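Here's the structure, in structure tokens; my notes come after.
Computed from the coordinates by the stated procedures, all read-outs in this text should not be read as laboratory data. Note that this is a predicted model, so its numbers are computed, not measured. Counting neighbours? That spans all protein chains shown, and the Cβs are built from the backbone with ideal geometry, glycine included.
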Amino acid sequence: MAVSSVSSIGTTNLVSRARLLWALWVLAAIIGGLGFLERLLHGDQATDFSSYIPWGLWVAAYIYFSGLSAGAFLLAAATYVFRIRVLEPICRLALLLAAVTLPMGLLMIGFDLGHLERAYLIIIRPQFHSMMAWMVWLYTAYLILVVAMLWLSFKSVQPGRNPEAVTNDRARVRVLAIIGIPLAIGFAGGVGALFATLAAREFWHSSLFPIFFLVGALTSGTALVTAVVSWQWPSRDAAWKDLMTLLGRMLLVLILIDFILELAEFMTPSWYQIGSFYELTRYVLFGPYWYVFWLVHLLLGVLVPILLLAKTRSPVITGVAAALVAVTFFAVRLNLVIPGLITPELRGLEKAYSDPIGNRLIFAYFPSWFEWQVLLGAIAFGVALWYVVIRLFPWVFPNPAQSSEVGQ
Amino acid sequence: MPRYVMVIDQRNCIGCYACVAACKTENDVPLEHFRTRVVETVQGEFPNLRMELRSELCNHCDNPPCVSNCPTGASYKSKDGTVQINRNRCVGCKACIAACPYDARYIYPGQGFADKCTLCIHRIKQGKEPACVATCIGASRVFGDLDDPQSKVSQLLSEANSSVLLPEAGTRPRVFYIRKQSKPD
């Protein structure tokens with residue numbers, strides 16, 4: 001009697017949590033949908049972009065989502081290529097996450113373009129001296145590859161399929177993963193190179209940037225996979241706990257490597273406190289948006305997760321730490337994009353001519369409500385896409401029998 | 001082909017902003033944006049002050065990072081050496097704006113394409129000077145063909161010391177500055 005009463009309370013809690021999440025999604029979809037409509041009907045005029053801050057929240061969101069995709073993909077591809085048996089059960093899940101987060105990034109960059117309908121020109125008239133042209137080509141190849149890997153992976157788990165065909169499918173997936181690793185490294189590091197090659201922007205013009213983007217992609221992507229495995233894995237058995245422990249350890253190492261790179265990036269110009277790069281570093285650390293670095297990124301995205309991951313092996317707490325890293329990594333992306341644009345290259349430009357109604361050359365930026373609205377819409381779109389695909393393709397999660405093989 | 005350049009003789013600039021107004025009118029530049037501007041900077045401490053008036057525009061570089069960064073070829077270096085934009089090929093990715101060290105570009109509001117100084121190429125084709133040059137009452141802005149030794153720009157650059165903006169950027173600008181040499185920076 002008591003057991004059934006506890007079970008009924010548990011079910012009621014689950015139902016009310018599901019209703020709350022559903023209501024939040026509907027709210028996000030409505031707000032975001034209105035943002036999409038505004039963008040499609042009236043362009044980007046309600047943004048806070050200017051001639052001097054041409055890239056803002058949407059570009060930061062694009063590199064954030066594409067980083068999640070590349071990181072999740074690399075985790076799956078490395079598992080296939082190096083035959084890491086213990087991670088094999090999460091491969092399809094990681095691939096599907098990569099396939100869902102990339103369209104979210106492409107949606108954001110699509111809205112950032114002044115003429116999305118002309119994007120095909122990059123394919124039919126490629127200018128390969130442009131890093132952006134390379135990006136588009138790499139993304140296209142990567143998306144095709146992820147879909148092909150998912151399809152082969154889907155085929156290999158179909159019931160009644162003969163073992164020889166399954167072996168062939170798995171071999172093909174492995175070949176695609178071998179091709180995919182340099183491709184994903186190319187586009188994850190390449191996004192960093194897109195910024196780093198802009199010599200006019202001192203904050204970005206660093207050889208460390210492509211590496212920083214790649215490690216950031218691995219860190220945030222692994223964090224996302226870990227959080228999803230913690231939250232949505234069907235069987236909460238010993239194998240799942242072992243898997244979570246391993247993912248937690250991997251994530252801890254990645255956070256530390258990423259933090260060391262960040263330390264190098266900030267410490268080098270700050271040591272003697274001279275040079276214009278130092279001024280930009282000061283802007284990130286002590287400027288008007290200091291809290292983005294100190295509170296959102298360093299506290300919630302680095303220190304708290306490190307403490308949680310180092311202190312406990314609880315799968316739930318590991319999941320919470322991973323979710324914190326995955327979500328707050330957006331602050332890292334914002335701090336990479338915005339400071340690169342806030343300083344005029346030419347002395348005195350911020351004080352130059354203002355017209356009779358007071359318009360000036362503006363070097364300040366804070367995302368407008370409309371920009372946040374569109375970002376919320378992209379998140380709602382991604383959540384909906386994820387919700388649909390895991391119902392259409394439940395095989396992304398291994399069945400309990402397969403799950404219990406983990407670690408054996 | 002001619003080698004068009006502009007010389008900004010800062011000794012003659014009086015800061016009247018007629019160039020800015022003429023450019024806006026001639027090229028239908030949107031209100032909140034500029035194809036050219038005059039930057040006023042004051043250096044030193046009272047009573048030892050020095051004011052600089054510096055006209056700025058697209059430098060029509062010989063090694064233009066905007067062109068290298070354009071993924072569709074919408075930004076291009078034309079045969080006469082000026083840097084131009086094909087509006088119909090621009091996807092509005094803003095890579096050229098981020099790449100330009102001279103902050104010379106903007107996105108045309110409501111139209112979504114990148115825009116900037118064309119050196120009034122439509123006027124040059126008609127045998128006229130760019131609007132900012134034609135209107136400059138102090139003859140501070142001078143336009144011409146550097147390959148013609150008789151041109152005003154060739155003569156000015158042979159007579160006076162000139163410099164370019166941000167030479168360290170390696171862009172090889174085609175806009176040259178002749179500065180007042182009265183006091184050091």
Task: Entries of B:LYS24/B:LYS180; B:LYS94/B:LYS116; B:LYS79/B:LYS125; B:LYS77/B:LYS128 with Cα pairs more than 19 Å apart - done: B:LYS24/B:LYS180; B:LYS77/B:LYS128
Open item on the list: Just want the ordering: A:THR226, A:THR312, from fewest to most Cβ atoms lying within 10 Å of their own Cβ.
Closed with: A:THR312, A:THR226
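Calculate, for B:GLN43 and A:VAL316, the FRET efficiency according to 1/(1 + (r/R0)^6) with r their C-beta to C-beta distance and R0 45 Å; round to the nearest 0.05.
E(calc), rounded to 0.05, equals 0.15.
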- [ ] Positive end of the charge dipole of the protein assembly as shown (Lys, Arg +1 and Asp, Glu -1 on Cβ, about the Cα centre): tell me which of A:LEU145, B:MET51, B:ASN63 has its Cα farthest that way.
- [x] A:LEU145
TODO: Specify which residue in the list A:THR47, A:PRO398, A:HIS205 is farthest towards the positive end of the charge dipole of chain A, using unit charges on the beta carbon of Lys, Arg (+1) and Asp, Glu (-1), about the Cα centre.
DONE: A:PRO398
Task: For the protein assembly as shown, Cys with no neighbouring Cys Cβ under 4.7 Å - done: A:CYS91, B:CYS13, B:CYS16, B:CYS23, B:CYS61, B:CYS70, B:CYS90, B:CYS93, B:CYS100, B:CYS120, B:CYS136
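Rank these for me by crowding, B:VAL38, B:VAL91, going from fewest to most other beta carbons within 10 Å.
On the way: B:VAL38 21, B:VAL91 25.
Sorted ascending by nearby Cβ count, the order is B:VAL38, B:VAL91.
Where does each of A:TYR387, B:TYR177, A:TYR365 land when they are ranked from fewest to most other beta-carbon atoms within 10 angstrom?
A:TYR387, B:TYR177, A:TYR365
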Task: aspartates and glutamates whose Cα lies under 19 Å from that of A:LYS155, excluding same-chain neighbours fewer than 8 positions away - done: A:GLU88, A:GLU164, A:ASP169
Task: Debye, to nearest 20: dipole size of segment B:4-178, +1 on Lys, Arg Cβ, -1 on Asp, Glu Cβ - done: 500
TODO: Please check which bits of segment A:181-221 a label hung off A:ALA141 would reach, taking the label as a point 7 Å along Cα-to-C-beta and the cut-off as backbone N under 13 Å.
DONE: A:181-188, A:190
Task: Spacing of the two label points (7 Å from each Cα toward its C-beta) at B:ARG11 and A:ILE124, in nm - done: 5.5
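Using the beta-carbon distance between B:ARG3 and A:GLU117 and R0 = 25 Å, what value does 1/(1 + (r/R0)^6) give for FRET efficiency, to the nearest 0.05?
Numbers: r = 37 Å, r/R0 = 1.49.
For R0 = 25 Å, the calculated efficiency reads 0.10.
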- [ ] Set the Förster distance to 30 Å, then compute FRET efficiency between A:ALA364 and A:TYR387 from the Cβ-Cβ distance, nearest 0.05.
- [x] 0.20
- [ ] Please turn the phi angles of segment A:107-122 into ³J(HN,Hα) values with the Karplus equation 6.51 cos²θ - 1.76 cosθ + 1.60 (θ = phi - 60°), one per residue in order, whole Hz, x for glycine and proline.
- [x] 4, 5, 6, x, 5, 6, 6, x, 9, 4, 5, 9, 4, 4, 4, 5
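Over all residues in A:54-64, what is the mean tally of Cβ atoms on other chains that come within 10 Å of each residue's Cβ?
The per-residue average across the peptide is 2.
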Task: Inter-label distance, nm, simple model (7 Å from Cα along the C-beta direction), A:TRP372/A:ILE274 - done: 4.2
TODO: Quick one: which residues, 5 or more positions from B:VAL39 or on another chain, have an amide H under 5 Å from its amide H? H modelled 1.01 Å from N in the peptide plane, none for Pro or chain starts.
DONE: B:ARG54, B:SER55, B:GLU56
Task: Chain lengthening between B:LEU31 and B:ASN88 when straightened (0.36 nm per residue, less Cα-Cα) - done: 18.3 nm
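What average count of beta carbons from other chains do you get within 10 Å of the Cβ of residues in A:118-127? Display every interim value, and only then the final one.
Numbers: counts 10, 5, 2, 8, 6, 2, 1, 5, 3, 10.
Rounded to a whole number, the mean comes out at 5.
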Task: For the protein assembly as shown, calculated [θ]222 nm from helices alone, where every DSSP H run of n ≥ 4 adds -39500 (n - 2.57) - done: -18000 deg cm²/dmol
- [ ] Tell me the label-point distance for the pair A:ALA165, B:SER162, using the 7 Å Cα-to-Cβ offset, in nm and rounded to one decimal.
- [x] 7.5
Open item on the list: Let me spell out the model: positive unit charges on the Cβ of Lys and Arg, negative unit charges on the Cβ of Asp and Glu, origin at the Cα centre of the protein assembly as shown. What dipole size does that give, in debye rounded to 20?
Closed with: 900
